[in-house]
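Enquirer: Sharing a structure with you now.
The values are calculated or read from the model by the stated rules, or taken from the named source; none is laboratory data. All figures in this text were calculated on a predicted structure; none of them were measured in a lab. Ideal geometry is used to build each Cβ from the backbone, glycine not excepted, and the neighbour counts take in all protein chains shown. Calculation scope for accessible area: heavy atoms of the full protein, side chains included, ligands and nucleic acids excluded. Shrake-Rupley method; radii C 1.70, N 1.55, O 1.52, S 1.80 Å.
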Amino acid sequence: MLVKRLQPMISHARRSYVELMFQVMGRALQAISEVDEQTRNETRALPEGFLFEMQVMPNGPKLIVEHTGDGKLHFHGDSAPRPVDLSIQFKHMAHAFLVLSFQEKTSVAFANDRMLVDGDVSYAVRMTRVLNRLESFILPKLVAQRAVKEYPANLHLPEKLISGARIYLKVATNFVETVRA
Amino acid sequence: MTNKYYEFFCPVKVIAGKAALEHIPFELTGLAAKRPMIVTDKGVRAAGLLDPVIAACEESGLEIVSIYDDVPPDSSTTVVRDIATVYRKEKCDSIIAVGGGSAIDTGKAVNILVSEGGDDIAKYSGAGILKHPLKPFFVVPTTAGTGSEVTSVAVITDEKKGVKLPFTSSFLLPNAAIIDPRMTLTLPPHITAATAMDAMTHAVEAFTCMAKNPLSDAYATAAIKKVSQSLLSVMDNPKDENGRLELAQASTMAGIAFSNSMVGLVHSLGHATGAICHLPHGLCMSLYLPYVLEFNIESIREPLGELLLYLEGPEVYSATPAARRAEASISAIRKLRDALHKRCELPRTLKETGKVLESQLEAIAEMALDDGSIMFNPREVTKEDALSVLRRAWA
């Protein structure tokens, strides 16, 4: 009975959490493309103007980033200026919550058919590597190990701390700018 | 509570065994199809493999309305459009694809066009575009390896853009797969070996990669057992119908397994090598399988150890300490490759193929990293990892 009464609140909280995480991730993707050369090496292979979307099906929260050239990504929020080139879609809010709360690794979510790829699979693989690198930078190692298939052995504490701090600073600045605008 | 979850889907009716081809007329009639078109390639026709199919239909009063026998090894959007034009002109109502991966993929793509309409197959490219069942579609495989008869994927080359277009939909799955040992009796030894190792790799990767599940495991282990028990005897006695049927069934079972649990790094490297060096897919699979298993071993020790039972049988399995079974499984695969090399010189290293340059390894590694199957490999793979596997496979 209690669970039934709490269900709408749980659903609402889950949706709010996923929306917030998409906002953070979108900005963090833009930030990591500005501070990390290895990330730019990955994203340079995307065509200029390439639009990438992560979305919860059917009309749930979404994040959209664009490759603006030289590996740099720009966060568009949840609306795309034109049809997206690649979309990774969670089949349900519950699945997005599992991944974004680090209870299920992104790779495991793919293996478990929680997500669909609409677009060029090779770009999806590339963007998944970028997401993994982002999570390795911005999450504490113990949490990141739950989010990525393998925590990168060559990512040492000083680099993680410096890059992580720069990414967080840029995310915070972007949030403030958005609120002011 | 566990987070484990899986999906399994295979609605294909498998018609397998002696005189299986003779079931085609009955099965087509059951789907109200009266005017089938055969899609095949010149090699299949020249080998006389169409004759029993046509005879089986004619004996039951079912006329094959049209035969298109010019499917190239890498089928293209133009070929698909041409076949669809013939299909419409001849007022066909069903398709029978007879052949290997290319003929089957072409049949799937033609079925999209003739069912959905239009001449531009490219607009149906991608996942989940198709929303309705297609025309009756049967597949008669003439190789025992690809498993395409039970997969929901087709790949067609767009000649103008120079890209490969993937098509993914459960509606691409045929209504029936007809597995008749007569269709693989004349396969030359090196193709028999390479395609069987393709099936073996599908099954081993299905059993050891991230999307493994209890149902695909059952198909994978059964397929491995059949290949292990029958491949060498078929190599020694190519006209062994029972052995041929075992290999053909193994291929279908491995196809069901991997289409529901995906594959890993062997396929990523194999696809890249095929694209860059134009090596046959089955050969690439045979070549990379042990090296990739060695790379993955610490992540897959338990399932790989289990496979020893199906690779070598209960005596060897029970005599091998549990801690050594994973290594013993890799040794069994190496032993099988050595035996195939002795019988038909199936290459075991990139150098032995004579078609790969050491300078191409870097390009292969880079391309492999972007292959979709790498997502399902149990270990994360960096470019250095891929290169180290390639160097081990070099010589």
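Enquirer: B:Met197: in the same structural domain as B:Arg334 (by TED's automatic domain parsing) and assigned to a loop (DSSP other than H, G, I, E, B), yes or no?
Expert: Criteria not met by B:Met197.
Enquirer: Please verify whether region B:224-232 includes one or more residues that are in contact with a helix residue (DSSP H, G or I) (Cβ under 9 Å, 6 or more places away or on another chain) and at pLDDT below 95.
Expert: There is no residue in region B:224-232 that is in contact with a helix residue (DSSP H, G or I) (Cβ under 9 Å, 6 or more places away or on another chain) and at pLDDT below 95.
Enquirer: Pairs only if they're at least six apart or on different chains, beta carbon under 7 angstrom, first in region B:4-19 and within 19 Å of B:Ser152 (Cβ to Cβ), second surrounded by 15 or more Cβ atoms within 10 Å (Cβ to Cβ) and hydroxyl-bearing (Ser, Thr, Tyr); list them, first residue then second.
Expert: Partner pairs satisfying both residue conditions: B:Phe8/B:Ser216; B:Val14/B:Thr252.
To keep it simple, each residue is scored yes or no on (1) closer than 25 Å to B:Glu298 by Cα; (2) in contact with an Asp or Glu (Cβ under 9 Å, 6 or more places away or on another chain); (3) within 14 Å of chain B (Cβ to nearest Cβ).
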residue	(1), (2), (3)
A:Asp120	no, yes, yes
A:Arg133	yes, yes, yes
A:Val143	yes, yes, no
A:Val148	yes, yes, yes
A:Pro152	yes, yes, yes
A:Leu155	yes, no, yes
A:Gly164	no, no, no
A:Tyr168	no, no, no
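Enquirer: Related question: How many of the residues in region B:192-231 are surrounded by fewer than 22 Cβ atoms within 10 Å (Cβ to Cβ), under 19 Å from B:Asn377 (Cβ atoms) and of a type in the set (D, E, K, R)?
Expert: Adding up the residues that qualify gives 1.
Enquirer: Then there is this: Does any residue of region A:50-73 turn out to be at pLDDT below 95, of a type in the set (A, V, I, L, M, F, W, C) and under 17 Å from A:Val171 (Cβ atoms)?
Expert: No, region A:50-73 has no match at all.
Enquirer: Only one of (1) within 14 Å of chain B (Cβ to nearest Cβ); (2) closer than 30 Å to A:Gln7 by Cβ; (3) small (Gly, Ala, Ser) fails for A:Gly77. Which number is that?
Expert: (1)
Residue by residue, here is whether (1) more than 14 Å from B:Pro141 (Cα to Cα); (2) of a type outside the set (Val, Ile, Thr) holds:
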{"residue": "B:Ser60", "(1), (2)": "yes, yes"}
{"residue": "B:Ile64", "(1), (2)": "yes, no"}
{"residue": "B:Lys91", "(1), (2)": "yes, yes"}
{"residue": "B:Gly99", "(1), (2)": "no, yes"}
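Enquirer: Oh, and also: Within region B:1-20, restricting attention to residues that are open to solvent by less than 70 Å² (accessible area, probe 1.4 Å) and either assigned to a loop (DSSP other than H, G, I, E, B) or within 14 Å of chain A (Cβ to nearest Cβ) (or both), which residue is modelled with the lowest pLDDT?
Expert: The residue in question is B:Asn3.
Each row is one residue, and each column tells you yes or no for (1) more than 16 Å from B:Thr382 (Cβ to Cβ); (2) free of Cβ contacts under 8 Å to residues at least 40 places away in the same chain.
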site	(1), (2)
A:Lys105	yes, no
A:Asn112	yes, yes
A:Arg129	no, no
A:Ile138	yes, no
A:Lys141	yes, yes
A:Asn154	no, yes
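Enquirer: Looking at region B:285-395, what helices (runs of 4 or more DSSP H) fall wholly within it and have at least 2 residues that are surrounded by 19 or more Cβ atoms within 10 Å (Cβ to Cβ) and modelled with pLDDT of 95 or more?
Expert: B:308-312, B:325-344, B:361-369, B:383-394
Enquirer: While we're here: May I ask you to list the residues in region B:182-214 that are in contact with a strand residue (DSSP E or B) (Cβ under 9 Å, 6 or more places away or on another chain) and hydrophobic (A, V, I, L, M, F, W, C)?
Expert: Once the filter is applied, which keeps residues that are in contact with a strand residue (DSSP E or B) (Cβ under 9 Å, 6 or more places away or on another chain) and hydrophobic (A, V, I, L, M, F, W, C), region B:182-214 yields only B:Met183.
Enquirer: Would you check which residues across region B:242-266 are out of contact with any strand residue (DSSP E or B) (no Cβ under 9 Å at 6 or more places or on another chain), part of a helix (DSSP H, G or I), within 14 Å of chain A (Cβ to nearest Cβ) and open to solvent by 10 Å² or more (accessible area, probe 1.4 Å) and list them?
Expert: The answer is B:Phe258, B:Asn260.
Enquirer: Right, A:Ile162: at pLDDT 90 or above, part of a helix (DSSP H, G or I) and open to solvent by 80 Å² or more (accessible area, probe 1.4 Å) or not?
Expert: Values: at pLDDT 90 or above: yes; part of a helix (DSSP H, G or I): yes; open to solvent by 80 Å² or more (accessible area, probe 1.4 Å): yes.
Here the answer is yes, as A:Ile162 does meet what is asked.
Enquirer: If you scan region B:25-53, which residues turn out to be in contact with a Gly (Cβ under 9 Å, 6 or more places away or on another chain) and among the hydroxyl-bearing types (Ser, Thr, Tyr)?
Expert: If the condition is that a residue be in contact with a Gly (Cβ under 9 Å, 6 or more places away or on another chain) and among the hydroxyl-bearing types (Ser, Thr, Tyr), then B:Thr40 is the only one that fits.
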